[in-house]
Amino acid sequence: MKKKNIIRVIASALCSALFISSFAACGNVGGSSEQENENNSSTQELAVVEGEYLYRNGVSGYTIVLRDEANFYEELAASELAQNLANATGSSIAVAKESTTKAKTRVISLGHTDLWDSQVGKALSSSDIIDSGYYIETVGNNVFISCPDYTSSSGVLYGVYDFLKDAIDYEFYAADEIHIEKKKNIPLYDYTGYIVNPAFQIRSLVHAEMRDDSLSNMRYRMIYPTESYGFVNWGHGQTSKYVKRTAPCTCGEPGCEGKTYYQHHPDWFSTENSQLCYTGGEVLERVTAERFIDYFKQFPDATYFMFGQEDVIGHCDCDRCKQAMVDYGANQGGLQVAFMNNVIEIANDWLEKNQPGRKVFYVVYAYYGTRMAPVVKTESGEIKPYSDRVVPHDDLLVFYTPIETNYAYQLESGINADIYNDLYGWGKIADGQILMYLYDINFHAYLINFHNFNTVQGMYEECKELGVISITSQSASTYVTGFREMRSYVESWLMWDLNLSYTDLVQKFMKAYYKDAAEYMYEFYEIMRDRYTYYHTLVNPGAGGIYGDVQTVNLWSQAVVAQMDEQFDAALASIEKYKTSDPALHEKLESRIMKERLMPLYLKLTLLTSYYSAEELAEFKATFKYYVNYFRLSDVMEGHPLGDLVK
């Protein structure tokens, strides 16, 4: 077997370069030896099998093989592999189910096929490979990509994307910007048993763009938390989806017939009637478990069932809850865990008897009123659970949602000390069971870039260290500007591999997405970062949250906006040559640039009107209105339409 020196970087090879330089082509399939099951950025040699080619002179003798009962992810993996290889080489590759092909050699096997059993013969387990992870190995002249049977098989899809990176330098930047290298000859790579695990096993960008584009969502290796992905009741719903106060009572206790839950059991609800009372007792626990069982039946393939508190602060303050916090709960977060532990025992007992072998997870928020971990610090400084009852059941996941976070600073900084300490406390009693909810938008300023540029990677790293297994990053529920495509690319890669560099990812994206205008768009990005650093350091340190005051001339002066304009003018000038040589490319690049120029246009039309003439403002407004409609932007802030700005 002859080896060529092909350098590979686990999960994604990113080559940092100045914009005046080209980015080198590097491989990206992740993992190392079988013994390693975490992404890391050490480089390794990827050998080729001597004399074997996936494609030779533009023709492939290989077949992509799926098991007969292939699931959605495996089917998509085969489609993505075949389509991209065809786009790169100009020639198709065969795709077949096992029962319809006799191929046993020159096969790319996706998923747990019979051929996997006969040629690889490994039993993949959760001790090595988490959900979203995968295993890849070359055996003779066959390549196998698979993952444990208990997983969704999304790892097979992600393994294909990494395989494509090696084969044709595949890179997904955005729906309309996918890079592949055109080539006629593709060698067969010798994958000697690589395990690849992402940094976080659940990764989610809750953006309007991801909600409306499921294919891009999967190409970013994201999971949008809906039923189709196996997530049921994601979000709020304890008293709106499980035990609704106005719903007919089903407790079966004497006197319940013809009454609602609230009429028969007013003590099951908080004094404001918005949240459940977690000390409502065994009957409430049974009724809640029965509602979970209803959802188990309704969604037989789902894995995650959320029991999210309502989006208000009014938790129960009855005497029973107050005493329970003293006796065993510590706080509302502890009472919620104790309540759910009992519910899970009932629901799991039903699963064991009626759907044996099925594994589900239950999810609760640690949010308004429940964010504090139910822990105590001993005299020696050790963090311990307040009582055994507040230690989450092994099947209970805690969705930590610190809405008060200041994104101008890392979690461990003094300004976020309470956030960090509570997360640390949850990590001590629920290590490996924590989901993290972060934000990527200022809900009071949709058209102004949110400044988490300096902290995203550090926050992810802190979360990983504290036992977090999932990252959710929420933006607006409507379309917004603010480098949305760049954020999706950069954040999705960091959720996959924390050894990558935020800055390198930004630069790589801009080079591919803005092309000739990249250096000017990057300079606009740097102007914003510098200005935010000044503002958050010297003027208003508390303005880094999702409702922070960032719409002010103290931050965006006319001189700063003029600097931005210089970069946008230069960016547009740099693509002028394409007007005649490639009109379609010119139109694409111009629209991408103008989408980001909406921010300074918005600032001129709101904060800085006194600096411009009526004619200038009319021109600004006409341009603003055109591109707002072009990109389907509707709101200036959460729940507030653009109004006069587009009239």
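Here are the numbers:
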item	result
Strands (runs of 3 or more DSSP E) lying entirely in region 374-478 (those with 1 or more residues that are under 17 Å from the mean Cα position of the chain (by Cα))	396-400, 434-439, 468-474
Subset of region 273-291 [open to solvent by less than 10 Å² (accessible area, probe 1.4 Å) and among the hydrophobic types (A, V, I, L, M, F, W, C)]	Leu276, Cys277, Leu284, Val287, Ala289
Leu500, sole failed condition from (1) in contact with a strand residue (DSSP E or B) (Cβ under 8 Å, 6 or more places away or on another chain); (2) assigned to a loop (DSSP other than H, G, I, E, B); (3) not β-branched (Val, Ile, Thr)	(1)
Some residue of region 293-316 being modelled with pLDDT under 95 and basic (Lys, Arg)	no
Residue that is among the polar types (S, T, N, Q), open to solvent by less than 60 Å² (accessible area, probe 1.4 Å) and part of a helix (DSSP H, G or I), where the choices are Gln567, Gln563	Gln567
Residues located in region 86-123, provided they are closer than 30 Å to Ser470 by Cβ, open to solvent by 40 Å² or more (accessible area, probe 1.4 Å) and within 29 Å of the chain's Cα centre (by Cα)	His112, Ala123
Qualifying residues in region 149-169 (those that are assigned to a helix (DSSP H, G or I) and of a type in the set (Gly, Ala, Ser)) - the one farthest from Glu52 (Cα to Cα)	Ser154
Cβ pairs under 6 Å, 6+ apart, first in region 154-165 and of a type in the set (Ser, Thr, Tyr), second open to solvent by 10 Å² or more (accessible area, probe 1.4 Å)	Ser154/Tyr73; Tyr158/Arg221
Selected residue (only one of Glu596, Glu590 is charged (D, E, K, R), surrounded by 15 or more Cβ atoms within 10 Å (Cβ to Cβ), under 30 Å from Asn406 (Cβ atoms) and at pLDDT 95 or above)	Glu596
Any pair with Cβ under 6 angstrom, 6 or more apart, that starts in region 613-632 at a residue that is under 20 Å from Ala562 (Cα atoms) and ends at one that is open to solvent by less than 60 Å² (accessible area, probe 1.4 Å) and of a type in the set (Lys, Arg)	Phe620/Lys604
Selection from region 626-647 of residues that are surrounded by fewer than 16 Cβ atoms within 10 Å (Cβ to Cβ) and assigned to a helix (DSSP H, G or I)	Tyr626, Asn629, Tyr630, Gly643, Asp644, Val646
Matching residues in region 539-560 - criterion: being of a type in the set (Gly, Ala, Ser) and buried (at least 16 other Cβ atoms within 10 Å of the Cβ)	Ala543, Gly544, Gly545, Gly548, Ser557
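Condition check ((1) aromatic (Phe, Trp, Tyr); (2) open to solvent by less than 10 Å² (accessible area, probe 1.4 Å); (3) in contact (Cβ under 8 Å) with a residue 12 or more places away in the chain; (4) more than 20 Å from Tyr368 (Cβ to Cβ)) across all residues:
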residue	(1), (2), (3), (4)
Glu379	no, no, no, yes
Thr405	no, yes, yes, no
Ser413	no, no, no, yes
Tyr437	yes, no, yes, no
Ala445	no, yes, yes, yes
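The values are calculated or read from the model by the stated rules, or taken from the named source; none is laboratory data. Remember, predicted model here, so these are calculated numbers, not experimental data. Cβ: placed from backbone, ideal geometry, glycine included. Neighbour counts: every protein chain shown. Heads up: the accessible areas ignore ligands, DNA and RNA and are worked out on the full protein's heavy atoms, side chains in. Shrake-Rupley method; radii C 1.70, N 1.55, O 1.52, S 1.80 Å.
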